[in-house]
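S.K.: First, the structure itself, so that you have it in front of you.
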Amino acid sequence: MTHENDGTDAARETTEAVETEAGTARITWHPADKPRLVLAVSHGAGGGVEARDLTALAEVLPAHGVTVARVEQPWRVAGKKLAPAPRTLDTGWRGIWPALAAPGLPVVSGGRSAGARVACRTATELGAHAVLALSFPLHPPGRPEKSRAGELLGSGVPTLVVQGGNDPFGRPQEFPEGAYELVEVPHGDHGFAVPKRAGISQEEAVAVITDAVVGWTGSLG
C-alpha cells in the first residue's frame, strides 16, 4: 500500500493504493475528526469517484462523524473504459475491504449503480455494518423483466436506497417491498441530475441525498 497527501489542507484527503487480485485499487480518504463510522463508496460502470453524489458525501459526512472513503475499482485505476464482469468487481471489493476496516470502525458498504450492486452482493460476507445503495440499477433501461431486486433484498444488513425519481434503471415506484429504506430525489436521473424545469435546483437535489445519508448514518447503532 502507498499513501500520498493531495496537499489540500482543509480536506486533509489522503490517497491509498491497495493491491487486490483484480489489480490495484485506490482509496481517497476524507477523515472525520471524531469518526464513529467509515462510509466506503465506489463508482458505477460509466463514471468515477468524481460523481456528484460521491463528491457531496465526501464533503458533508465527515462533519457528522463519518469518515468517507471513495473507492476506485482496479479497472478504473488502470484506465480501462469498460467495467469487468460482476464477479471481478466483487473480487476487487473484497481485496479493498481490509484497508477499509483498518481504522477499526464499523464500515458501511456503499456505491452508486454497479457499485451499489457490489455492496449488496458482498455485505454479509464481508461483515458490512450497513449498505448505502445510490442509484441502484434495478433493471437495464426498458427491461424491467431483467430485475436485480434479489441482490438488493439479499444484502442482509440495514440498507438505504437513494433513487432518482426519473431513473431509467428503476424509478422508486418500481422497487419491491422489502426490509430497506428508500429516499427519492425528485426528478433525478441515474446521475441525480435534474432538469431546469423541475422546480428543484441541482443543489437542492444533492442536499436531498446528503441529508438522507446524514440522518440514516446517525440512526445506525
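S.K.: Restrict the check to segment 130-140 and report whether at least one residue is of a type outside the set (Gly, Ala, Ser), open to solvent by 40 Å² or more (accessible area, probe 1.4 Å) and either farther than 16 Å from residue 190 by Cβ or at pLDDT 95 or above (or both).
M.R.: Within segment 130-140, none of the residues are of a type outside the set (Gly, Ala, Ser), open to solvent by 40 Å² or more (accessible area, probe 1.4 Å) and either farther than 16 Å from residue 190 by Cβ or at pLDDT 95 or above (or both).
S.K.: Next question, about the same structure. Let me confirm something: among 133, 128, 123, which residue is in contact with a strand residue (DSSP E or B) (Cβ under 8 Å, 6 or more places away or on another chain), assigned to a loop (DSSP other than H, G, I, E, B) and among the small types (Gly, Ala, Ser)?
M.R.: Just one listed residue meets the conditions, 128.
S.K.: Listed residues 75, 93; which is in a helix (DSSP H, G or I) and more than 16 Å from the chain's Cα centre (by Cα)?
M.R.: One residue alone meets the criteria, 75.
S.K.: Return yes or no: is residue 82 more than 25 Å from residue 193 (Cα to Cα) and part of a loop (DSSP other than H, G, I, E, B)?
M.R.: no
S.K.: Ok, one more. Within segment 207-215, is there a residue that is over 11 Å from residue 135 (Cα atoms) and polar (S, T, N, Q)?
M.R.: Yes: segment 207-215 contains one or more residues that are over 11 Å from residue 135 (Cα atoms) and polar (S, T, N, Q).
S.K.: Please find, within segment 29-57, the residue that is nearest to residue 12 (Cα to Cα) out of those that are in contact (Cβ under 8 Å) with a residue 24 or more places away in the chain and acidic (Asp, Glu).
M.R.: Selected residue: 33.
S.K.: Identify, from the list 206, 162, the residue that is in a strand (DSSP E or B) and in contact (Cβ under 8 Å) with a residue 12 or more places away in the chain.
M.R.: Going through 206, 162 in turn, just one is in a strand (DSSP E or B) and in contact (Cβ under 8 Å) with a residue 12 or more places away in the chain: 162.
S.K.: Here's a follow-up. Under the condition of being touching a Cys at 6+ places or on another chain (Cβ under 9 Å) and hydrophobic (A, V, I, L, M, F, W, C), which residue from segment 134-156 is farthest from residue 124 (Cα to Cα)?
M.R.: 136
S.K.: Condition test on residue 162, is it under 15 Å from the mean Cα position of the chain (by Cα) and of a type in the set (A, V, I, L, M)?
M.R.: yes
The values are calculated or read from the model by the stated rules, or taken from the named source; none is laboratory data. Treat the numbers as computed from the prediction; the structure is a model and nothing was measured. Cβ coordinates were reconstructed from backbone atoms using ideal geometry, including for glycine residues, and neighbour counts include every protein chain displayed. All accessible areas refer to the heavy atoms of the entire protein, side chains included, with ligands and DNA or RNA removed. Shrake-Rupley method; radii C 1.70, N 1.55, O 1.52, S 1.80 Å.
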